[in-house]
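Okay, so here's the structure we're looking at.
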Amino acid sequence: MPNPLADVTAILMAGGESRRMGRDKTQLPIGNKTLLEHVLSQLRDNFKNVILSVKNKSNIDIEGIRIIPDDIPMKGPVVGLISCIRQSKTDINFAVACDIPNIDLTLVQTMLARAAGVDAVVPKTHDGHIEPLFAIYSKSALQAMQHVLDCERGQVSRVVAHCRTAYVALGPNTQLRNLNTMADYRTFIAD
């Protein structure tokens, strides 16, 4: 059976400032790995192409992973998306924030099934919250991303407003776990 993820590039967004966490969240321990290694291992196991988006390359070197620094430093995740999608070898890309510790592959496959004919596929909670950093983006979304960067202060949540976007509804008890604060992290580790 063919792997539906084979022709998709996974982009791990790891260029944030970790302001709410108070320290570099990519280095938080999850078992015997860092958070970055924990998420990367899930992506490597399921995607042929994996890109790591970082604010600057510095001395990061991870075997088998393409590392793409932001084209314009300190401008947020939209720049990271633009930088990586431009260099992606595939039209379809799955972007995920490094602070989403568990990749729900069933949800990713559901989103991929909705990707034909749209620029983006984004999960939406029952109360209307979207998660633009656990989303599918085609290269056709680049124009909207550039517009948001140039005209709307680069808020990643605004990208989908300028794209042909399909939404995948999350059930009332389904939410993507995101480790924004130390309290979020402690709760995740305790579970």
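The values are calculated or read from the model by the stated rules, or taken from the named source; none is laboratory data. For clarity, every value in this text was computed on a predicted model and none was experimentally measured. Heads up, the Cβs are rebuilt from the backbone with ideal geometry, glycines too, and the neighbour counts pull from every protein chain shown.
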| task | List every residue pair whose Cβ atoms sit under 8 Å apart, with the two residues 6 or more apart in sequence or on different chains, where the first one lies in region 179-191 and is farther than 14 Å from Asp24 by Cβ and the second, anywhere, is of a type in the set (S, T, N, Q). | result | Asp184/Asn178
| If you go through region 108-137 one residue at a time, how many are more than 20 Å from Pro172 (Cβ to Cβ) and acidic (Asp, Glu)? | 1
| request: Name the single residue, out of those in region 130-147 being outside any loop (DSSP other than H, G, I, E, B) and aliphatic (A, V, I, L, M), that is farthest from Val39 (Cα to Cα). | output: Ala144
| Which one of these does Lys124 not meet: (1) more than 23 Å from Arg86 (Cβ to Cβ); (2) of a type outside the set (Ser, Thr, Tyr); (3) out of contact with any strand residue (DSSP E or B) (no Cβ under 8 Å at 6 or more places or on another chain)? | (3)
| remark: Selection from region 153-168 of residues outside any helix (DSSP H, G or I) and either out of contact with any Gly (no Cβ under 6 Å at 6 or more places or on another chain) or basic (Lys, Arg) (or both) yields Arg153, Gln155, Cys163, Arg164, Thr165, Ala166, Tyr167, Val168
| Looking at Asp127, Asp150, which is the one that is at pLDDT below 95, acidic (Asp, Glu) and assigned to a helix (DSSP H, G or I)? | Asp150
| request: State all residues of region 169-191 that are surrounded by fewer than 17 Cβ atoms within 10 Å (Cβ to Cβ), not in a helix (DSSP H, G or I) and not small (Gly, Ala, Ser); if no residue qualifies, say none. | output: Pro172, Asn173, Thr174, Gln175, Arg177, Asn178, Asn180, Thr181, Asp191
| said: What's the number of the only condition in (1) of a type in the set (Val, Ile, Thr); (2) closer than 21 Å to Gly76 by Cβ; (3) not in a strand (DSSP E or B) that Val122 fails to meet? | reply: (3)
| field | Search result, residues across region 98-136 that are in contact with a Phe, Trp or Tyr (Cβ under 7 Å, 6 or more places away or on another chain) and farther than 13 Å from Cys163 by Cβ | value | Ile100, Pro101, Val108, Pro123, Lys124
| field | Hey, Val108 part of a helix (DSSP H, G or I), surrounded by 22 or more Cβ atoms within 10 Å (Cβ to Cβ) and in contact (Cβ under 8 Å) with a residue 24 or more places away in the chain or not | value | yes
| field | Positions within region 1-44 being within 22 Å of Lys139 (Cβ to Cβ) and modelled with pLDDT of 75 or more, in sequence order | value | Asp7, Val8, Thr9, Ala10, Ile11, Leu12, Met13, Ala14, Leu43
| Out of the residues in region 71-98 that are assigned to a loop (DSSP other than H, G, I, E, B) and of a type in the set (Ser, Thr, Tyr), which is surrounded by the fewest Cβ atoms within 10 Å (Cβ to Cβ)? | Thr90
